[in-house]
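Report on one structure; see the data block that follows.
The values are calculated or read from the model by the stated rules, or taken from the named source; none is laboratory data. This structure is a prediction, so every number in the text was calculated from the model and none was measured. Counting neighbours? That spans all protein chains shown, and the Cβs are built from the backbone with ideal geometry, glycine included. Each accessible area value is taken on the protein alone, full model and side chains, heavy atoms only, with ligands, DNA and RNA left out. Shrake-Rupley method; radii C 1.70, N 1.55, O 1.52, S 1.80 Å.
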Amino acid sequence: MTAQAPRLDVITENVGENVRRVQARDLGATVVQALFRLVKQSTLHSLDNQAVVRQVEDAAHIINDYGQRTDQNVSLLFAFGSIFVGGSLLKANRQVYEGATELGEILKKYGFSELAIARNVTPQDLFAFVAAMGEAHRSGRSANMEKPSARIRLRAVAESALRRGATVERLDEHQAVIRMYASAIVIMRRFFEQLQKGRYD
């Protein structure tokens, strides 16, 4: 008698994926805040400063936790005022969002708009990142910053790619209100359709 292959539980897998997506969105703000603090510390202190050491260890722990709970690496993309964490818009309070915006501006200064960090990043990797950022801050040059360690990568994304699908349309106030109202109706209809289908993510 041949052994049957285990059946794929699509419902359980779908629910698990939805839970991971929600957790990624909720944890994204913590990750961004930790990275912003780390980059700021790199511009203010030397590598052996206790504030830098503590921030490196905290950031490594936060990123590792994010990876374990979401089953994905950290990916930050800064595109024309929008900040994406793991492909989703950053969900954060004003203070965290302001820090994230400043982080994006710092990276943009050196020609980068995307930061990718492996979920199993180590403090040594983050020290290498801090060293590269500190050197760039002091010298004003971004040489050798693309890959400060094996688990961290900075990337420049072409402006045309960032603008893809994002058309800017000038609307007067009346048209803008109508467009917003119509969008809200569509969103709510989709929401209720999902509820009727039993999808609660």
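Provide the gained length on full extension for the span N144 to Y97, in nm with one decimal, where the gain is 0.36 nm per separating residue minus the Cα-Cα distance.
Net length gain for the segment: 14.1 nm.
With a cap of 15 neighbouring Cβ atoms within 10 Å, and only residues DSSP puts in a loop, list the GluC sites (Glu not before Pro) found in region 57-155. Show your work: numbers first, answer last.
Working: sites: E57, E98, E102, E105, E114, E135, E146; in loops: E146.
Loop-located and lightly packed - E146.
Rounded to whole Hz and in sequence order, give me ³J(HN,Hα) for region 28-38 from the Karplus expression 6.51 cos²θ - 1.76 cosθ + 1.60, θ = phi - 60°, writing x for Gly and Pro.
x, 4, 5, 5, 4, 4, 5, 5, 4, 4, 4
If Lys and Arg each add +1 and Asp and Glu each add -1, what is the summed charge of the other residues whose beta carbon sits under 12 Å from the beta carbon of F84? Each step should come with its number before you reach the end.
Details: positive: R25, K91; negative: E114.
Net charge in that neighbourhood comes out at +1.
Please report the net charge: other residues with Cβ closer than 10 Å to the Cβ of I152, K and R +1, D and E -1. Kindly include the intermediate steps, with their values, before the conclusion.
Working: positive: K147, R151, R153; negative: D125, E146.
Local net charge: +1.
Rank these residues by their accessible area, most exposed first, probe 1.4 Å: S42, S139. Present the calculation step by step, with values, prior to reporting the outcome.
Numbers: S42 5, S139 40 Å².
Per-residue accessible area, sorted high to low, gives S139, S42.
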